[in-house]
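**Student:** What follows is a single structure, and I will ask about it in a moment.
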Amino acid sequence: MSDIFDSSGRKLAIGPELGRGGEGAVFDLLGNPSRVAKLYDNPLSRSQVDKLRLMAQRVSVDLERFAAWPLDVITDRSGVAIRGFVMRKLTHYEPIHHLYHPAHRRQRFPKADWGFLLRAARNLAIAFDTLHNNNVVVGDVNQNNILVSDNATVALIDCDSFQVRTANGVFRCEVGVSHFTPPELQACHFRDVDRSPNHDLFGLAVVIFHLLFMGRHPFVGIYSGAGDMPIEKAITEGRFAFGRHAGRFQMTPPPN
């Protein structure tokens, strides 16, 4: 691995790899146990570079509290090419689906009770509200980029995909997971859409439903009509399986 530096030109010492995703990997930062480095496998576009620089400039106590927010950019020796960014190290956190699925919860959160689930849901709502108040939209709400700690606090990761608005425009979130996407965006190309906090709130509601209904999806039930009813179509058509009027949509809740 070639030498890397922070925005002040200080050389960074990279430790063991902690995890890998589709765009790159996260590494320990030697000598700084509270920080990690995300390094990209491929060169970034001009827009991605501008977005990361902007996010690092906008860091605040609130944003760092609720998200693995870019705290500083990481460059090559020239100081020009962006290789990645520095973020807070999250320890004792698990993906939220390890909490809302009962089987995983018994293994990963053995002391979690109903009150713990409610606190996690409340803290997640606060995290979204904090981001929205800072002109940030999560966009790609899903079960893998929300983490929960052993005391029910939450943190969001993959922040470089967030939608960030500026005085001159918006850096869009170009990805999404259909099961957490509101009906009006189900058929959209995300790279062409400016998302709103209200779009996020649909995904937030689905995650909270998962937490409080043992991992069930609100639009998955028994469909009495002809053919299959995939989740994406059920969302688009408003076929909420647990509502008082579910029968109008030929839906009933799943067993148990």
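The values are calculated or read from the model by the stated rules, or taken from the named source; none is laboratory data. Keep in mind that this is a model prediction, so the values were computed, not measured. With ideal geometry, Cβ positions are generated from the backbone for all residues, glycine too; neighbour counts draw on all protein chains shown. These area figures cover heavy atoms from the full protein model, side chains too; ligands, DNA and RNA do not enter into them. Shrake-Rupley method; radii C 1.70, N 1.55, O 1.52, S 1.80 Å.
**Student:** Taking R0 as 22 Å, what FRET efficiency do you get between residue 188 and residue 129 from their Cβ-Cβ distance, rounded to the nearest 0.05?
**Tutor:** After rounding to 0.05, the efficiency reads 0.35.
**Student:** For the range 164-256, what does the accessible surface come to per residue with a 1.4 Å probe? Please give it in Å².
**Tutor:** Per-residue value: 56 Å².
**Student:** Same structure again: Over all directions, what mean area does the Cα convex hull of the range 78-157 project, stated in square nanometres?
**Tutor:** 6.8 nm²
**Student:** Give the peptides 122-134, 164-176 in descending order of average Cβ contacts within 10 Å, highest first.
**Tutor:** Order by mean packing, descending: 122-134, 164-176.
**Student:** How many angstrom lie between the C-alpha centres of the range 1-64 and the range 168-224?
**Tutor:** 28 Å
**Student:** What nm distance separates the two modelled labels at residue 32 and residue 122, each placed 7 Å from Cα along Cα→Cβ?
**Tutor:** 3.5 nm
**Student:** Here is a follow-up. For every other residue with a beta carbon closer than 12 angstrom to the beta carbon of residue 27, add +1 if it is Lys or Arg and -1 if Asp or Glu, then tell me the sum.
**Tutor:** Computed value for this residue: +3.
**Student:** Let me ask another. Once amide H atoms are built 1.01 Å from N in the peptide plane, which residues 5 or more positions from residue 69, or in another chain, come under 5 Å H to H?
**Tutor:** HN-HN under 5 Å from residue 69: 88.
**Student:** Count charges around residue 153 for me, please; just the other residues with Cβ under 11 Å from its Cβ, Lys/Arg as +1, Asp/Glu as -1.
**Tutor:** Residues near residue 153 contribute +2 overall.
**Student:** For the chain, take the convex hull of the Cα atoms, compute a quarter of its surface area, and give me that in nm², please.
**Tutor:** Its average projected convex-hull area is 15.5 nm².
**Student:** Please name whichever of 202, 187, 91 sits farthest to the positive end of the charge dipole of the chain, dipole taken about the Cα centre and charges placed at Cβ: Lys and Arg +1, Asp and Glu -1.
**Tutor:** Final value for the positive-end residue is 91.
**Student:** Hey, can you rank 22-31, 233-242, 62-71 by average C-beta count inside 10 Å, highest first?
**Tutor:** 62-71, 233-242, 22-31
**Student:** Leaving out ligands, DNA and RNA, what percent of the accessible area of the chain is carbon and sulfur, probe 1.4 Å?
**Tutor:** Within the chain, the accessible surface is 51 percent carbon and sulfur.
**Student:** Each residue of the range 78-93 in order: what ³J(HN,Hα) in whole Hz does its phi give by Karplus 6.51 cos²θ - 1.76 cosθ + 1.60, θ = phi - 60°, with x for Gly and Pro?
**Tutor:** Rounded to whole hertz, the list is 6, x, 9, 6, 7, 9, x, 8, 9, 9, 5, 7, 9, 10, 6, 10.
**Student:** Using the Cα centre as the reference, give the magnitude of the dipole from point charges on the C-beta atoms of the chain (Lys, Arg: +1; Asp, Glu: -1; all else neutral), rounded to the nearest 20 debye.
**Tutor:** The calculated dipole for the chain is roughly 460 debye.
**Student:** So what J values fall out for the range 44-58 if you push phi through Karplus, 6.51 cos²θ - 1.76 cosθ + 1.60 with θ = phi - 60°, rounded to Hz, Gly and Pro as x?
**Tutor:** Taking θ as phi minus 60°, the curve returns 8, 6, 4, 5, 5, 5, 4, 5, 5, 4, 5, 5, 5, 6, 8 Hz for the range 44-58.
**Student:** Please compute the net charge surrounding residue 243, taking Lys and Arg as +1 and Asp and Glu as -1 over other residues with Cβ under 14 Å from its Cβ.
**Tutor:** Overall, the nearby charge balance is +3.
**Student:** For the Cα atoms of the chain, what angle does the longest principal axis make with the long axis of helix 114-133, in degrees from 0 to 90, nearest 10?
**Tutor:** Helix 114-133 and the main axis of the chain meet at about 60 degrees.
**Student:** Mind ordering 146-155, 101-110 by average Cβ neighbours within 10 Å, highest first?
**Tutor:** The most tightly packed comes first, giving 146-155, 101-110.
**Student:** Here's another thing I want to ask about it. Under Stokes-Einstein, with the Kirkwood radius over Cα pairs standing in for Rh, what whole-number D in µm²/s applies to the range 99-141 at 10 °C and 1.306 mPa s?
**Tutor:** Taking Rh from Cα pairs, D becomes 134 µm²/s.
**Student:** Okay, moving on. Run the quick spin-label model on residue 150 and residue 11: label points 7 Å from Cα toward the beta carbon, then report their separation in nm to one decimal.
**Tutor:** 3.7 nm
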